[in-house]
1. If you check residue 128 against the conditions, is it at negative phi, in contact (Cβ under 8 Å) with a residue 12 or more places away in the chain and part of a strand (DSSP E or B)?
2. So residue 182 passes all but one of these: (1) touching a helix residue (DSSP H, G or I) at 6+ places or on another chain (Cβ under 8 Å); (2) assigned to a loop (DSSP other than H, G, I, E, B); (3) modelled with pLDDT under 95. Which condition number does it fail?
3. Identify all residues within the range 131-156 that are assigned to a loop (DSSP other than H, G, I, E, B), under 26 Å from residue 227 (Cα atoms) and at pLDDT 95 or above; write none if there are none.
4. Any residue that is at pLDDT 95 or above, within 18 Å of the chain's Cα centre (by Cα) and more than 30 Å from residue 208 (Cβ to Cβ) - is there at least one of those in the range 83-99?
5. Take the conditions in contact (Cβ under 8 Å) with a residue 24 or more places away in the chain and surrounded by 20 or more Cβ atoms within 10 Å (Cβ to Cβ) and apply them to residue 223. Does it pass?
6. Please go through (1) outside any loop (DSSP other than H, G, I, E, B); (2) under 22 Å from the mean Cα position of the chain (by Cα) for residue 117 and return the number of the only condition it doesn't satisfy.
7. Could you go through the range 86-108 and let me know if any residue there is touching a strand residue (DSSP E or B) at 6+ places or on another chain (Cβ under 7 Å) and free of Cβ contacts under 8 Å to residues at least 24 places away in the same chain.
8. Can you name the number of the only condition in (1) part of a loop (DSSP other than H, G, I, E, B); (2) in contact with a helix residue (DSSP H, G or I) (Cβ under 9 Å, 6 or more places away or on another chain); (3) at pLDDT 95 or above that residue 68 fails?
C-alpha cells in the first residue's frame, strides 16, 4: 500500500527591523559625535553583559534542566512537559547523531518537491531520542514539533518535513514510552546551501505551557548541539 507523502519547507524565523521615522538633521557635528560615542558605550556594555552571562551547567540524569542549558552528543537533558489536557510530566531527550544525507536520501528529498524549492541544498538527518522520566500519562501526545533544527551557534536554520517518509519520521508517544520506559527516536531534516552554517543539532522550545520557560521569544530553549 502506497503512502501519501506530504513535503513541507519550514522557514526559519526572521526578524524584520522597520524604520518608523526620521529625525531632522542636526546642524552640529558635535551632537552627532556625542550620539555616536554614547551608542558605542552602550554597545560595549551590552557585549560585556553577554560575555559575563554564564552557561547553565548540565544537571544529573533525570534532574530538570535549567532553560538555556546546552549539551553535546549523547547527553540527556530533562524538561517539563504539559499535555493537551494539562497533565504534567518530565521527559528526557538527547541528540544521537547529525549525519549528511546519503546520495539516495538526498535525491528522494529533492524529488518530493515539484517546483525546485530545495534545489542547491545539502541535507542532514538529525536523530533525537526521548524517554519519559515520570508524571501523568502522555499517551498519544507528542512534542516532536517543539524541536527546531539549529546551527552550531544555536540559531534556527532551514528545516524540511516529509510526512510519511520512513527514512526520517517522527512519532507520538506510545504506550511503551508512557508506561514501560520505552525510548522513541525522532528524526529531523536540516538543510543548508554551500557557504551557509550547517545543521548541528536541535533546540527544544517548549510545549503547551501557558508560561513556557523554553520559549524562543520569552524564555530560553534547551540546546542539543554536536560541537
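The values are calculated or read from the model by the stated rules, or taken from the named source; none is laboratory data. Keep in mind that this is a model prediction, so the values were computed, not measured. A quick note on method: Cβ atoms are made from the backbone with ideal geometry, for glycine too, and the neighbour counts reach across all protein chains shown.
1. Numbers: at negative phi: yes; in contact (Cβ under 8 Å) with a residue 12 or more places away in the chain: yes; part of a strand (DSSP E or B): yes.
So residue 128 passes the test.
2. Of the numbered conditions (1) touching a helix residue (DSSP H, G or I) at 6+ places or on another chain (Cβ under 8 Å); (2) assigned to a loop (DSSP other than H, G, I, E, B); (3) modelled with pLDDT under 95, the odd one out for residue 182 is (3).
3. Those that are assigned to a loop (DSSP other than H, G, I, E, B), under 26 Å from residue 227 (Cα atoms) and at pLDDT 95 or above: 151, 152, 153, 154, 155.
4. There is at least one residue in the range 83-99 that is at pLDDT 95 or above, within 18 Å of the chain's Cα centre (by Cα) and more than 30 Å from residue 208 (Cβ to Cβ).
5. Details: in contact (Cβ under 8 Å) with a residue 24 or more places away in the chain: yes; surrounded by 20 or more Cβ atoms within 10 Å (Cβ to Cβ): yes.
Judged against the criteria, residue 223 is a match.
6. (1)
7. Yes, the range 86-108 contains at least one residue that is touching a strand residue (DSSP E or B) at 6+ places or on another chain (Cβ under 7 Å) and free of Cβ contacts under 8 Å to residues at least 24 places away in the same chain.
8. (2) is the only condition that residue 68 fails.
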